[in-house]
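In what follows, a single structure is set out as structure tokens and then discussed.
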Amino acid sequence: MSLATPRPAVTDRVLPTQGITIDGWLRPRAGTPGDLDDDDMNRLANWRFSHVRLPVGSGADGGTSIDHALDRLARFGLRAVVSMELSATEQAPIWADSVAREAVRSAWHALASRVKDHPACLAFELLTDPDPPDTLSADQVIALGGPRLSAIGARRTPLPGATAGRAWSGLASALLGAIREAGARQIVIVNAPQGDPATFAHLRPVGDPDRDGISYGFRAFAPVAFTMQGLDHGDDPIDPVPGHADAGGDARGPVSYPGVFGGERWDRSRMEAWLAPALQFRETYRAPLYCGSFGVSAGAPRNGQLTWLRSFLGLCRHNHIGWAYAGYRDARFGLVCESGPFATLDRYRNGYRLDYDLLGVLQSEA
């Protein structure tokens, strides 16, 4: 009979549901409102959001005062997942340049040192969309901290995505080390490469989930031919989600969900199959999962939009996955929409510019 203490269930350590991304506050983005006032905070609290996701830049201050942001959140009983977001241009050098890597590591050490004792700081998300090249050499992967292959493994042709997975696992370990060296004990979220559940097949565990407080993240915008509909508006374009091609809808007109995209039918069962690599990773390594960004463009058919959200959030609830919706104020997926080509839709014609039906889904499926 074994007297070993059983490991905690994954469900004992999951991140909370019903979060929402506050974009443009600490990481300015064109077309996105900046600072939020107390009315915004009060609404988020009254709408029963448990936490917000705060994208920041690689500077220790995130481009403005993170202390001010966390203080304001704490006043309203909200907590934050602090997420480092680097553009493709900012991210590219770190995979091959040791100086660039050390700069990001130092930025995380400084940021963690600064906010580690703040009661509103819930977790750190190492990199919003890690996108390591799959063409890195063996020496480059090792320099990133990735594991060295065996002699036999080195002679094999790597599977697509395997090199990128090893590279990101190595760098993520170094960034985790910087946070822990700063004395911060918050949960650390390691996103799958490109935020894609399929890439969990090539991701190596970073530390020990129990000892080191590690969770693993992904994004949910599949199928993009549905979720990104209506994002190309000619003279008034709305940028799609970084890392995803702008599907721009269907040449035959809007296509709803459930429906056929790319020759296959997408419904809840297909979405569950798409999510399977992440669920397998969780069960293999006993590591909690968190979806830091998901949504359907306001340009998609309305019934399909709400059905997709119910399907996805139902899977999150069933599988104990924490989540944060794609956006509070956002011209693409916004709970609140004040500008852009979708702002004239009937759903936003109220005093708050609030999509009440969308809010109802987020509340009921939490």
Give the long-range amide H neighbours of W323: residues separated by 5 or more places, or on another chain, with amide H under 5 Å away, using H modelled in the peptide plane at 1.01 Å from N. T17, Q18, G19, C291
Segments 336-342, 192-198 sorted - mean Cβ within 10 Å per residue, highest first: 192-198, 336-342
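I need the shape label for segment 167-219. Rule: rounded when a/c is under 1.5, else prolate if a/b > b/c, else oblate, with a, b, c from the alpha carbon gyration tensor. Kindly include the intermediate steps, with their values, before the conclusion.
Details: a/c = 2.13, a/b = 1.82, b/c = 1.17.
The shape class here is prolate.
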Fraction in percent of alpha-carbon pairs per bin - 10 Å, segment 10-364: 5, 25, 34, 25, 9, 1, 0
Computed label-point distance, nm, for sites A273 and R349 using a 7 Å Cα→Cβ extension: 4.1
5 Å is the cut-off here: which amide hydrogens, built 1.01 Å from N in the peptide plane, fall below it relative to S83, excluding neighbours closer than 5 in sequence? L54, V56, E125
Sequence-distant or interchain residues sharing an amide H contact under 5 Å with F261, placed H: which? W266
With a cut-off of 11 Å, note down the residues of segment 100-127 whose backbone N falls inside the zone around a label point 7 Å from the Cα of D35 toward its beta carbon. none
Per-residue HN-Hα couplings for segment 305-311 [Karplus 6.51, -1.76, 1.60; θ = phi - 60°; Hz; x = Gly/Pro]: 4, 5, 5, 4, 4, 5, 4
Under the Karplus relation 6.51 cos²θ - 1.76 cosθ + 1.60, θ = phi - 60°, what is the ordered set of whole-Hz ³J(HN,Hα) values for segment 212-224, x standing for Gly and Pro? 9, x, 9, 10, 10, x, 7, 10, 10, 9, 9, x, 5
How large is ³J(HN,Hα) for each residue in segment 350-364, as worked out from phi by the Karplus curve 6.51 cos²θ - 1.76 cosθ + 1.60 (θ = phi - 60°), to whole Hz, x for Gly and Pro? 8, x, 8, 6, 9, 7, 5, 5, 4, 4, x, 5, 5, 6, 6
What's the extension gain from T284 to R75 if we count 0.36 nm per residue and subtract their Cα-Cα distance? 71.3 nm
Could you check the spin-label model distance between N42 and H68? Points 7 Å from the Cα along Cα→Cβ, value in nm. 2.0
S113 versus A100, label points 7 Å from Cα toward the beta carbon: distance in nm? 2.5
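Laboratory data are not the source of any read-out in this text; all were calculated from the coordinates shown. Predicted model, so just to flag it, every value in this text is computed and none were measured. Cβ: placed from backbone, ideal geometry, glycine included. Neighbour counts: every protein chain shown.
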